Amino acid sequence: MLQLLKVQHIAIICSNYELSKSFYTTILGFEILDEEYRDERNSNKIELALNGNYIIELFSFPNPPDRLSFPEATGLRHIAFEVANLDESIRFLYNNKIHCEPVRINTTNGKRFTFFNDPDNLPIELCEK
């Protein structure tokens, strides 16, 4: 069996680098670890951390193709983050003009969760602790 230690990072390709950079840092609270522009690829790359842990590589490329992003589409389903208070988190998102789906209940553990989308419609789940 392969002995995986942890998720090292999640790579996301965005269509509007500045918009997505602002969303992930200002709205979701990620901190910038490193940022570079790669001339040879005409591409931006930023490494983002949450609570000091490197989590996301955000890339831009010229004219990336669209991808289905609905939570039930084949492929990567979504990324999920735990929050202390789901109601406060939803209020914060609504105050920043970000729509959340209706709150659902996880039938396995009874905890509440919801989905919203990043600027490229990547589904993001918030799970209450």
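Coordinate-derived values only; no laboratory data. Quick caveat, the model's predicted, so the values are computed rather than measured. Reconstructed Cβ throughout: ideal geometry from the backbone, glycine too, with neighbour counts over all protein chains shown.
The computed Rg and Dmax of the Cα atoms in Å for the structure shown corresponds, within (i) 13.5, 40; (ii) 12.8, 34; (iii) 15.6, 49, to (iii).
Note on segment 78-129: Rg/Rh from C-alpha atoms, Kirkwood Rh, equals 0.95.
Between 0 and 90 degrees, the angle of helix 86-95 with respect to the longest Cα principal axis of the chain falls at about 50 degrees.
Only beta bridges with both residues in the chain are counted; by DSSP, about 65 percent of them are antiparallel. Shape verdict for segment 1-63, please, from the Cα gyration tensor: rounded (a/c under 1.5), prolate (a/b greater than b/c) or oblate. Taking the square roots of the gyration eigenvalues as a ≥ b ≥ c, segment 1-63 is oblate. Summing charges over neighbours of L86, with a neighbour being any other residue whose Cβ is under 13 Å away from its Cβ, gives -1 when K and R count +1 and D and E count -1.
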